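Coordinate-derived values only; no laboratory data. Since this is a predicted model, take the numbers as computed values, not measurements. In this analysis, Cβ positions are derived from the backbone assuming ideal geometry, glycine residues included, and neighbour counts consider all displayed protein chains.
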């Protein structure tokens, strides 16, 4: 008998799992899942939220150009990709494009017969003299333009690629 009043019988230890520690069958799956996640993060280019622009869908730093040059080039790049400038302030431009059928399915407008607009907010932030940070955040917007029912939903941050390509193109054209 053990000090706490519970009796220990070795013949029953196996049925309670106390005798032998066996590796879990799921451990192979969890290791492969972790490996897959690691590869995915390396391929998609994970960014730290502590880096400038790290919490955005995409970001790029541009040096040696004026804000006016950067903004003109940004508008041209987004227009070339079927976006139109719908609003602007000195520090933020908002671009919209009609969502594709897959965008509509993904963001929940298909069953209700709604269309979805893909919206990208590009922020311009000065980091230093002649050094600018462009940050893009993407949204799927149902009922776009309706002052009462417009419903913007921020897209998943895992989907950085199309927005990063746009900002990379801005930087490329400015070189």
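Packing around the peptides 59-67, 85-93, taken as the average count of other Cβ atoms within 10 Å per residue, puts them in this order, highest first: 59-67, 85-93.
From most to least packed by mean Cβ count within 10 Å, the peptides 95-102, 161-168 give 161-168, 95-102.
In this simple spin-label model, placing a label point 7 Å from the Cα along the Cα-to-Cβ direction at both residue 82 and residue 101 gives a separation of 1.3 nm.
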